[in-house]
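The values are calculated or read from the model by the stated rules, or taken from the named source; none is laboratory data. Everything numeric in this text was worked out from a predicted model, so none of it was measured. With ideal geometry, Cβ positions are generated from the backbone for all residues, glycine too; neighbour counts draw on all protein chains shown. For the accessible areas, the whole protein counts, side chains as well, though only heavy atoms, and no ligand, DNA or RNA atoms are used. Shrake-Rupley method; radii C 1.70, N 1.55, O 1.52, S 1.80 Å.
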Amino acid sequence: MKIALALRELHRAEKALVRDLLKMSDRHHAEPEIHHVARDLARWSRDHVRALADAGRPYGLELGAEVAERSGPLAPVRTAVSELLSTRPEPGVLLLADLRRLHRACAGCRWTGNCWRRERRPSRTTTCWPWRAAATRTHCAS
């Protein structure tokens, strides 16, 4: 029962993270590194949404596996504003605010590793969070 609630919350948080990453990508369209890294992370997070939808089925959850590819109808406006402000200092402050917001959003998605460890599925952990594979092995061994 608690696992189902946690999976539902993780699914919701991961979908919100995808939207935030896509919006950030649009807002910083004039900065290629920010734009492309945010798109890559959104694609990765979309994979997590699908994995969470699959993981929810044994618990009776019907979580949607699809997430929008775009940030919404205002995406062209955000991109245009980014281009217009590219030579001004304000986008730096906006980037800092976006990174703080993303940090909080990522914290909401962090429970996954503990969830799978408790369910004795370390292979899922390494699939969803490959950079944590070594850390997971350390925790599972103790």
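Worth pointing out:
- Number of positions in the stretch 1-26 that are open to solvent by 60 Å² or more (accessible area, probe 1.4 Å) and closer than 18 Å to L74 by Cα: 2
- Among the residues of the stretch 84-99, the ones that are surrounded by 10 or more Cβ atoms within 10 Å (Cβ to Cβ) and either of a type in the set (D, E, K, R) or in a loop (DSSP other than H, G, I, E, B) (or both) come to 3 in all.
- One residue from R124, R110 being open to solvent by 40 Å² or more (accessible area, probe 1.4 Å), assigned to a helix (DSSP H, G or I) and at pLDDT below 85: R124
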